[in-house]
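Inspection log for the structure reproduced underneath, given as structure tokens.
The values are calculated or read from the model by the stated rules, or taken from the named source; none is laboratory data. Quantities reported herein were computed from a predicted structural model and do not represent experimental measurements. Don't worry about glycine lacking a Cβ; one is built from the backbone with ideal geometry, like all the others, and counts go over all protein chains shown. For accessibility, only protein heavy atoms count, side chains too; no ligands or nucleic acids. Shrake-Rupley method; radii C 1.70, N 1.55, O 1.52, S 1.80 Å.
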Amino acid sequence: MSIENYCNEILSELTPVYDMEASLKEAFINVIKYLNQYPENLSVRSKKNIPDVKTKEGIEKLAISYFAGFYSPTIPKLPQTVPDEMVSFIMRKVFGYSKEESDIIKKTHLESMASENAVGTLLERYLDSELRKSGWAWCCGNFVKAIDFIKYENGVWYELQIKNRSNTENSSSSKIREGTSIHKWYRTEASTGETMWNQLPEIMKNNNLSEDGFQAFVEKYLEDNINLGKGN
């Protein structure tokens, strides 16, 4: 049986669980086809029981990760760790904050960190909402190494790596891209705060992408999903 047939069988089985658009199904199939051509780009945490992208069982495991990642709401969640009280003590001594003021800052700092942690995935969701219209597939589910979007066109795979800020890439991520055709783009320049929508790679242009569009998308996405996120 062909890889596409395996995928279609699995997608039919998942249809009662997820209300998938045809374009989303096609995106998943393209991700699996890509991994069949480049199995070295499959990335899983456990080195045991690595899914075989050429079998129905292996593809099914990846489908569960893919759609769980897609449908799980991206809503800021406060860290479960307890803040170090010494930080507030130092703020009061050095910067002259009162106990009440430092408690407010501690709370807003946690909220700020939680919001910052959500921006990257929200950016990918926004890009998916526009790029999928022109055949791009979002590699959600955390099982494609160093690549966030792929597109197959005229016999060529195009690969994108997306970062929210210029300083969020670690050395290992950068090294993976060496000697490859992976295109990289980041949204903001950390040293200036400037957004880089006017510096999109050629393959991303003409897809109606902008900072205003990103903000409008995030506003609607949070309005639609915030109650679902609270329920998790």
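Below are the figures for this structure:
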{"read-out": "Cβ-Cβ under 8 Å pairs, at least 6 apart or on other chains, the stretch 184-201 side closer than 10 Å to N164 by Cβ, far side open to solvent by 70 Å² or more (accessible area, probe 1.4 Å) and charged (D, E, K, R)", "value": "Y186/R165; R187/R165; T188/R165; T188/E194; A190/R165"}
{"read-out": "Neighbours by Cβ (under 6 Å, 6+ apart or cross-chain): first from the stretch 132-151, under 22 Å from R45 (Cβ atoms); second of a type in the set (V, I, T) and open to solvent by 20 Å² or more (accessible area, probe 1.4 Å)", "value": "F143/V44; A146/I176"}
{"read-out": "Test: residue in the stretch 184-196 that is at pLDDT 95 or above, part of a helix (DSSP H, G or I) and either in contact with a Ser or Thr (Cβ under 7 Å, 6 or more places away or on another chain) or not small (G, A, S) (or both)", "value": "no"}
{"read-out": "Among the candidates G120, G58, G69, residue that is open to solvent by less than 60 Å² (accessible area, probe 1.4 Å) and free of Cβ contacts under 8 Å to residues at least 40 places away in the same chain", "value": "G58"}
{"read-out": "Matching residues in the stretch 123-158 - criterion: being part of a strand (DSSP E or B) and either at positive phi or open to solvent by less than 20 Å² (accessible area, probe 1.4 Å) (or both)", "value": "A137, W138, V144, F149, I150"}
{"read-out": "Answer residue from the stretch 72-95, given it is part of a loop (DSSP other than H, G, I, E, B) and open to solvent by less than 60 Å² (accessible area, probe 1.4 Å) and is farthest from C140 (Cα to Cα) among those", "value": "P83"}
